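For reference, the structure is listed below as structure tokens.
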Amino acid sequence: MTGAIFSADSHVNEPVDLWLKAMGPTFGDRTPRLVDEFRGEKGRFFFTGLRVMKLADDEDELRRMGLALDVAYEPAARLAFQRQAGVDCEIIYPTFGLHQLIGPDRAAMRTACAIYNDWAVEFCSHDRERLVPVATVPVDDVGWAVAEMERCRKAGHWGAMVSLQPPAGLPPYRDPLYAPIWTAAERLRMPLTLHLATGRRKTPIQAAVDGTSDGMAGIYMSTRTEIMDVLADDFIWGGILDRHPALDIICSEFEISWLPFFCAKMDEMQFGMGHRLKLPKIARKASDYALERIWHVLINDRFGAETVKIVGAQRILWGSDFPHVRSIGLNARRYVDTLLGALDPATRSQVVAANCAALLGRAH
């Protein structure tokens, strides 16, 4: 492929001592930190505030790509990787920080997220054209969330990531409680990301930590379909998108081949089943919200190209997921050619560059 490549979903592996250094002894064992033993197994494990991750698993991914570990947390190494891989820009999300959005100790997690936000904006400041930071913003304290969005926008963050669903025990997003967050996102022009593994459903990582193996396939699928419930109940039928017409929502890492099914069933609910379901009135055709108001990131969707032909390319973004398990290494151009080879060059360029550039407010 010739032309620019923008990754709308990339990650950093944060320094393992980031939170312990900044938080000190205040939160004790609730502090995200490196531990050298878990359930009797010696090694390098990271406690995120919610889950325990075996670092060797993530580090081995980079080694298999022939890359040094510092490409995940050193700006100079990351920028060198980008140039070698032919990637022009990456929107940056955390790794450990994903789990802090819904960790059980809410005060500790708000502190941890603010620490990550400061680190991420410094990381990305080394080249803001190539590295675009997204803040992590817990929603359990709405006043705090709005203040953190304002602080982060001023510091240089482009967008904010909120949890896929509010933490357990809190009302759903369609509740008026969260309206100040949506209003702030519009006012600050900060797109809000709903990211895989930040919801209420147990992820495979969490299930493995809990010692769960039975039903793992269902757990894996459940985390990937949770987005449908949230979009349908909260952002579409819950009226958030009607009440906040300038709000940008990004669904990241859920892939896109579920969209035709989702759109068909949304319209079926609205027109074919509306008299039975007693759904709230909405201003537009239900599927229009999914295809015209919400952005969707594909990573390695086997049916991605075919889905683009069905739903259109206008709201589809490509992300490398680097440096995670599904990510590409130095073969980005060859990879997107293979993944999206069934699309004409102009549409392929729209998905891998132009849409993301437009979302970032850049000319392409």
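Where a number appears in this text, it was derived from the coordinates with a stated rule and is not lab data. Just so it is clear, the model here is predicted, and its values are computed rather than measured. Positions of Cβ are backbone-derived with ideal geometry, glycine not excepted, and every protein chain shown enters the neighbour counts.
In the elastic network of the chain, a GNM with C-alpha springs shorter than 10 Å, the most mobile of 69, 279, 194 is 279. Note: relative contact order over the chain, using C-alpha pairs below 8 Å and six or more positions apart, is 19 percent. Each part gets one Cα centre, and for the range 21-38 versus the range 164-206 those centres are 26 Å apart. Of all the options 99, 244, 324, the one that moves most in a Gaussian network model of the chain with Cα springs shorter than 10 angstrom is 244. Per-residue Cβ neighbour counts within 10 Å put 356, 124 in the sequence 124, 356, beginning with the fewest. How charged is the neighbourhood of residue 121? Take every other residue with its Cβ under 11 Å from the Cβ of residue 121, and add Lys/Arg as +1 and Asp/Glu as -1. Once positives and negatives cancel, what remains is +2. If you take the charge dipole of the chain about its Cα centre, with +1 on Lys and Arg Cβ and -1 on Asp and Glu Cβ, which of 85, 238, 115 is farthest toward its positive end? Of the candidates, 238 comes out farthest on the positive side. Its residues counted as N, the range 275-314 yields a C-alpha radius of gyration over 2.2 N^0.38 Å of 1.53. Taking a sphere under 10 Å around the Cβ of residue 195 and counting the other residues whose Cβ falls inside, with K and R at +1 and D and E at -1, yields a net charge of -2. Loop-located trypsin sites (Lys or Arg not before Pro) in the range 75-141 (DSSP state not H, G, I, E or B) with no more than 13 neighbouring Cβ atoms inside 10 Å: 128. Each principal axis of the Cα cloud of the range 90-135 was taken in turn, and the coordinate range along them, longest first, works out to 35, 15, 11 Å. Computed over Cα pairs, the Kirkwood radius of the range 318-364 leads via Stokes-Einstein (1.306 mPa s, 10 °C) to a diffusion coefficient of 138 µm² per second.
Every Cα-Cα pair of the range 52-137 was included, and the share exceeding 20 Å stands at 42 percent. Neighbour counting of Cβ atoms within 10 Å sorts the residues 224, 334, fewest neighbours leading, into 334, 224. The charge dipole of the chain, taken about its Cα centre with unit charges on the Cβ of Lys, Arg, Asp and Glu (plus for the first two, minus for the last two), comes to roughly 600 debye.
Listed by chain and number, the lysines whose alpha-carbon sits under 20 Å from that of residue 42, ignoring those within fewer than 8 places in the same chain, are 54. Pairwise inverse Cα distances across the range 273-364, averaged and inverted, put the Kirkwood hydrodynamic radius at 14.9 Å. Using all pairs of distinct alpha-carbon atoms, the Kirkwood hydrodynamic radius of the range 6-360 works out to 20.8 angstrom. Mean residue ellipticity at 222 nm, helices only, the chain: -10500 deg cm²/dmol; runs of at least 4 DSSP H residues each add -39,500 (n - 2.57), and the sum is divided by the number of residues.
With 26 Å as the limit, the listed pairs 202/285; 21/154; 265/309; 285/309; 202/309 have 202/285; 202/309 beyond it between alpha carbons. For the range 145-192, the Kirkwood estimate of the hydrodynamic radius, built from every pair of different alpha carbons, is 11.3 Å. Three semi-axes describe the equivalent ellipsoid of the range 1-105; taken as square roots of 5 times the Cα gyration tensor eigenvalues and ordered largest first, they are 29, 16, 12 Å. Counting neighbouring Cβ atoms within 10 Å and putting the fewest first, the residues 163, 222, 349, 125 line up as 125, 222, 349, 163.
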